[in-house]
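Peer 1: Take a look at this one; I'll ask things after.
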Amino acid sequence: MKFLIANWKMNKNFDDGLKVIKAIRKKIKNKSNKKYIILPSLQSTLYIKNNIVKNDVIFGSQDCSQFKNGAFTGDISAEMIKKIGCKYVLIGHSERRTIFNETDEVLKTKMNRALEQKLKVIFCVGESLTQFKQGKSIPFIIKQITKAFDKSINFKNVIIAYEPIWAIGTNVTPKMQEIDNIHYKIKEAMKVHFNITKIPILYGGSVKSDNSADIFSLKNVDGGLIGGASLIASEFCKIYDTL
Ligand code: 13P
């Protein structure tokens, strides 16, 4: 199964979001071997879901609370996300890690909350430019993975997304060989540490319609996590066609 995930971040009001989704639905369809998933902001998700005729779009949330429920002002629980009709939750995006100081421990708790609700988790990992330049990408990413996961996790409900921080919104990507190698090393680490042989690994960071075919043709890449290019329906659909 291949995945294309649109992370809209804090962009698109509900009315604009609906227009984009309507345009996407006209052009592309989920298939048995590949699907697209949209992560709008949550109030848009509810509005969009209620305003599209057919319920054929898969939605996810960009985050969830580490807590189940209670006095946590501003937070949204995994249960609420599920109730809206989301099937996926993105956890550990580098913007959450760096801007909101989310630690490996917090992310692990969030992941457990999401999995308890039978939501599927897209777990993000990725190194900084300094780490990349120092050749430390792989040990850093493996540490992120081993700190967040343990053997009790139902890995059938987990997707990993590799997003080098320095490739996000920069129009720069690692070389194709570098992407494939890191994905390979992640798969290898999943085997060694958790005895998992099948787990989708998506690439994210400056994926556009002019580089997506090359990226998706890599042996160890199972799809993409798209930021900027997912805000434009025609561009997102073109990327989907290369998957
Ligand atoms: P860009 O596609 O804009 O580089 O963003 C990637 C990303 O952060 C998706 O989660």
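The values are calculated or read from the model by the stated rules, or taken from the named source; none is laboratory data. If you're wondering where the values come from, they're calculated on a predicted model, not measured in any experiment. When we count neighbours, we look across all protein chains shown, and the Cβ atoms used for this are built from the backbone with ideal geometry, even at glycine.
Peer 1: For the range 125-177, give me each residue that is in a helix (DSSP H, G or I), within 16 Å of the ligand (Cβ to nearest atom) and either more than 18 Å from Leu202 (Cα to Cα) or more than 17 Å from the chain's Cα centre (by Cα) (or both).
Peer 2: Scanning the range 125-177 gives Leu129, Phe132.
Peer 1: If I ask for residues that are out of contact with any His (no Cβ under 8 Å at 6 or more places or on another chain), surrounded by 13 or more Cβ atoms within 10 Å (Cβ to Cβ) and within 13 Å of Leu107 (Cα to Cα), which ones from the range 144-155 would you list?
Peer 2: Across the range 144-155, the qualifying residues are Gln144, Lys147, Ala148.
Peer 1: Just give me the residues in the range 39-76 being aliphatic (A, V, I, L, M) and within 17 Å of Val89 (Cα to Cα), in sequence order.
Peer 2: Within the range 39-76, Leu39, Leu42, Leu46, Val57, Ile58, Ile76 qualify.
Peer 1: Check Asp210 against each of (1) away from the ligand (no atom under 16 Å from the Cβ); (2) free of Cβ contacts under 8 Å to residues at least 12 places away in the same chain and name the one condition it does not meet.
Peer 2: Condition (1) is where Asp210 drops out.
Peer 1: Considering (1) surrounded by fewer than 20 Cβ atoms within 10 Å (Cβ to Cβ); (2) modelled with pLDDT of 95 or more, say which one Ala114 fails and leave the rest.
Peer 2: (1)
Peer 1: Exactly one condition in (1) under 18 Å from Lys27 (Cβ atoms); (2) in contact (Cβ under 8 Å) with a residue 40 or more places away in the chain is false for Leu202; which is it?
Peer 2: With respect to (1) under 18 Å from Lys27 (Cβ atoms); (2) in contact (Cβ under 8 Å) with a residue 40 or more places away in the chain, Leu202 is out only on (1).
Peer 1: Consider Tyr184 against the criteria (1) exposed (fewer than 14 other Cβ atoms within 10 Å of the Cβ); (2) in contact (Cβ under 8 Å) with a residue 24 or more places away in the chain; (3) assigned to a helix (DSSP H, G or I); (4) away from the ligand (no atom under 16 Å from the Cβ): it satisfies all of them except one. Which criterion is unmet?
Peer 2: (1)
Peer 1: Could you list, in sequence order, the residues of the range 187-199 that are surrounded by 16 or more Cβ atoms within 10 Å (Cβ to Cβ) and part of a loop (DSSP other than H, G, I, E, B)?
Peer 2: Selection gives Ile196, Ile199.
Peer 1: Mind telling me which of the residues Ala148, Ala189 ends up being among the hydrophobic types (A, V, I, L, M, F, W, C) and closer than 24 Å to Ser217 by Cα?
Peer 2: Ala189
Peer 1: Can I ask one more? Could you check Ile215 against (1) surrounded by fewer than 21 Cβ atoms within 10 Å (Cβ to Cβ); (2) over 30 Å from Asn112 (Cα atoms); (3) within 16 Å of the ligand (Cβ to nearest atom) and say which number it fails?
Peer 2: (1)
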